[in-house]
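In what follows, a single structure is set out as structure tokens and then discussed.
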Amino acid sequence: MIVSDTSFFDLAHLGVIGAVPGWDGTPAQPMVSQTRAALDRYGAYREVVIPGCGHSPHIEKPAEFRGALLAHLRGR
């Protein structure tokens, strides 16, 4: 919900869609697209969505994060 190219928590996105009167035209932050583009430059990766988790999966859902990380490191 927060990490998104079109998050309603991103004030710039709200401005772009006309929800903020007098918006100065600052573009929204395409967080997902930028993250994927950076990861593509590094090579192979696997995107994992951990339900009910926000910006800090290693803190919020440590068991799920650890499982995904170890699976990646083992090549699964």
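A value for Cα extents along the principal axes in Å was derived from the coordinates, and within the list (i) 41, 39, 16; (ii) 42, 24, 24; (iii) 51, 27, 13 it appears as (iii).
As a check on your grasp of the helix formula, calculate [θ] at 222 nm for the chain: sum -39500 (n - 2.57) over DSSP H runs of n ≥ 4, divide by the residue count, round to the nearest 500. Don't skip to the answer; put the middle values down first.
On the way: 4 runs with 34 residues, N = 76.
The helix contribution divided over the chain gives -12500 deg cm²/dmol.
In a DSSP loop and with at most 14 other Cβ atoms within 10 Å, the chymotrypsin sites (Phe, Trp or Tyr not before Pro) in the chain are 8, 9, 23, 45.
The range 1-59: which trypsin sites (Lys or Arg not before Pro) are DSSP loop and have at most 10 other beta-carbon atoms within 10 angstrom? Passing sites in the range 1-59 are 46. As a rough footprinting exposure proxy, the listed residues 56, 4 were ranked by other beta carbons within 10 Å of their own, and the order from fewest upward is 56, 4. Against the chain, whose longest principal axis comes from its Cα atoms, helix 31-42 is set at around 40 degrees.
Every read-out reported here was derived from the displayed coordinates using simple, explicitly stated rules and does not represent laboratory data. All values reported here derive from a predicted model rather than from experimental measurement. Don't worry about glycine lacking a Cβ; one is built from the backbone with ideal geometry, like all the others, and counts go over all protein chains shown.
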